[in-house]
Amino acid sequence: IAPHGEIHVQKRDRDTLEDLSGVTFQLTAKEDIYSLDGRNTLLYKKGEAVSMDISENGYYVTNELGEIHISGLPLGKYELKEVQELEGYVKNNKVYDIDLSYDHTDKIIYSKELDILNKKTATEISKVDATTGKEIEGAKLTLKDKEAGEVVESWTSGKEPHRIEGLTVSKTYVLHEDLAPAGYNVASDIEFTISDTG
């Protein structure tokens, strides 16, 4: 059997360590990759997408266990990057360098394992007094998805800021006050968009 490369990716939630399925990665050649059979055939040009098995355009999606297994790769240097994150997660812009270069030993399988963690977006909403800057309790607040108009969450303000995890990056939300605390006017709606830093 000719020497070949394998890549194993494990994708998990950074905080819960839950497996994340449905995350898309793309594999490309970091340099020109040639066959090792003495013919020196150019297999992949630098920057070209590398597809094995059922992959198209070098795209691979994590399975229900949060894994991607790519095997039978010609030896050489590759790059792997996340191209589509899960909704509610911060995109991981890191490019992973994968060196599966021939090292002139009699090794058959060259293997690279990556454990990649993603964090959910986190938004904190405070209801404060404009003059004192102190948290005000008792305001009834609703957060809606601006485009769909659906209610994401409703709560009553307390002593601490209200934390919401998993809002979608680049989506716009509207914060609406349904009921002001006693002695306060109802605040006007506030629109905000989740940035790609989460």
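Couple of notes before you dig in:
- Looking only at region 117-143, and only at residues there that are of a type in the set (D, E) and part of a strand (DSSP E or B), the one that is least open to solvent (accessible area, probe 1.4 Å): E135
- All positions within region 87-116 that are within 16 Å of T62 (Cβ to Cβ) and among the polar types (S, T, N, Q): N92
- Only one of L141, L65, L80, L167 that is in contact with a Leu (Cβ under 7 Å, 6 or more places away or on another chain) and closer than 27 Å to D19 by Cβ: L80
- Filter result (touching a Phe, Trp or Tyr at 6+ places or on another chain (Cβ under 8 Å), among the aliphatic types (A, V, I, L, M) and within 17 Å of L43 (Cβ to Cβ)) within region 1-29: I7, L27, A29
- If only residues of region 1-21 that are of a type in the set (G, A, S) and farther than 14 Å from N63 by Cα are counted, the one that is nearest to the chain's Cα centre (by Cα) is G5.
- Just one of the listed residues (L65, L80, L114, L42) is closer than 30 Å to I194 by Cβ, touching an Asp or Glu at 6+ places or on another chain (Cβ under 8 Å) and at pLDDT 95 or above, and it is L65.
- Region 177-198 residues that are farther than 17 Å from S126 by Cβ, paired with ones that are part of a strand (DSSP E or B) and of a type in the set (G, A, S) (beta carbon under 7 Å, 6 or more apart): G198/A122
- Tally, over region 17-43, of residues that are out of contact with any Lys or Arg (no Cβ under 9 Å at 6 or more places or on another chain), under 22 Å from K91 (Cα atoms) and of a type in the set (S, T, Y): 1
- Residue in region 3-25 that is at pLDDT 95 or above, open to solvent by 20 Å² or more (accessible area, probe 1.4 Å), among the aliphatic types (A, V, I, L, M) and assigned to a strand (DSSP E or B) present: no
The values are calculated or read from the model by the stated rules, or taken from the named source; none is laboratory data. All of these numbers come straight from a predicted model, not from anything done at the bench. Neighbour counts are summed over all protein chains in view; Cβ atoms, including those assigned to glycine, are modelled from backbone coordinates with ideal geometry. Ligands, DNA and RNA are stripped out before the accessible areas are found, and what is left, the full protein with its side chains, is counted by its heavy atoms. Shrake-Rupley method; radii C 1.70, N 1.55, O 1.52, S 1.80 Å.
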